[in-house]
Amino acid sequence: MDRAPEDLSLPVESHRSRRRWALAAAVLVAGGALMGIDFLVGHYQERLLAQRQEARARLERLAWFHLRADVQGIAYTPDGQYKLSLWMENVFPEYPLFVMTPTVRAFVQVGPQWKEVPTSEPPGGGMVEGVVIPLEERVTVERIVDIRLKDYFELLPGYMHVKFDNTMLVALSPEPKDESEIVERTDNYYVHLRPYGADDAQLRRLNKFAPDLPVPIYIGMPPH
């Protein structure tokens with residue numbers, strides 16, 4: 001008697017098992033691909049953040065160590081005010097720096113407090129606020145300071161104790177993309193300032209100035 005051919009087909013459950021394995025493998029492959037993409041995106045974001053931080057640190061170094069600024073001079077104006085001249089300079093011009101014309105504020109010590117006094121741009125031109133300057137050479141910024149105070153603190157006899165705040169915005173290009181590419185730096189300059197119309201003979205006597213030298217309009221002071 002002939003035997004029926006052996007049925008080599010897999011049971012239904014076995015086919016289902018194979019499908020489950022195939023599905024699991026596909027899920028693993030897709031998951032691995034997604035993990036790889038996620039890793040690449042994360043790595044790119046980390047590199048981008050590191051580059052931005054490095055650029056920011058470089059800008060801060062340039063702003064604080066390559067940029068120099070100070071009081072150049074103070075003179076009287078014919079109408080009893082003061083013309084303040086500040087200079088700014090990039091001491092390493094091979095590294096480009098761009099500075100927005102600074103905001104200058106002036107304060108006179110009255111008693112234990114600082115009283116702000118008006119400042120303005122000089123008539124007839126000059127560098128106005130908001131203009132971007134390439135620091136390729138030393139530049140001078142002038143402001144008019146209006147001080148009409150009768151009572152003020154005298155750290156040096158006969159002189160007003162005055163502070164100037166010079167706030168500069170510094171960047172590596174004339175058109176920075178966002179605030180992360182701009183560094184704000186504020187310098188404070190302190191001076192003894194001669195009041196308009198003061199008696200030079202009295203100032204000489206009070207401060208023992210040399211009789212053969214002019215009485216200075218201002219005397220610079222170290223930061224404090």
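The values are calculated or read from the model by the stated rules, or taken from the named source; none is laboratory data. Just so it is clear, the model here is predicted, and its values are computed rather than measured. Because the Cβ atoms are built from the backbone with ideal geometry, glycine has one as well, and the counts that use them run over all protein chains shown. Heads up: the accessible areas ignore ligands, DNA and RNA and are worked out on the full protein's heavy atoms, side chains in. Shrake-Rupley method; radii C 1.70, N 1.55, O 1.52, S 1.80 Å.
LYS163: farther than 29 Å from GLU60 by Cα, in contact (Cβ under 8 Å) with a residue 24 or more places away in the chain and either part of a loop (DSSP other than H, G, I, E, B) or not β-branched (Val, Ile, Thr) (or both), yes or no? No; evaluated as a whole, the condition is false for this residue. The number of residues in segment 89-115 that are in a strand (DSSP E or B), in contact with a His (Cβ under 6 Å, 6 or more places away or on another chain) and open to solvent by 40 Å² or more (accessible area, probe 1.4 Å) comes to 0. The requirement of being farther than 26 Å from VAL128 by Cβ and acidic (Asp, Glu) is not satisfied by ASP187. Under the condition of being among the acidic types (Asp, Glu) and free of Cβ contacts under 8 Å to residues at least 24 places away in the same chain, the residues counted in segment 110-160 number 3. Residue selection: PRO134 satisfies the criterion of being touching a strand residue (DSSP E or B) at 6+ places or on another chain (Cβ under 7 Å) and either within 19 Å of ARG68 (Cβ to Cβ) or open to solvent by 50 Å² or more (accessible area, probe 1.4 Å) (or both).
Taken over segment 74-88, the criterion of being out of contact with any Asp or Glu (no Cβ under 6 Å at 6 or more places or on another chain) and either in a helix (DSSP H, G or I) or small (Gly, Ala, Ser) (or both) is satisfied by ALA75, GLY80. For segment 171-199, taking the residues that are open to solvent by 60 Å² or more (accessible area, probe 1.4 Å) and among the acidic types (Asp, Glu), the one that is farthest from the chain's Cα centre (by Cα) is identified as ASP199. Just one residue in the set GLY158, GLY124 is crowded, with 18+ Cβ neighbours inside 10 Å and in a loop (DSSP other than H, G, I, E, B); that residue is GLY158. Considering only residues that are open to solvent by less than 80 Å² (accessible area, probe 1.4 Å), more than 12 Å from LEU97 (Cα to Cα) and either at pLDDT 85 or above or part of a strand (DSSP E or B) (or both), which ones fall in segment 36-73? Scanning segment 36-73 gives ALA69, ASP70, VAL71, GLY73.
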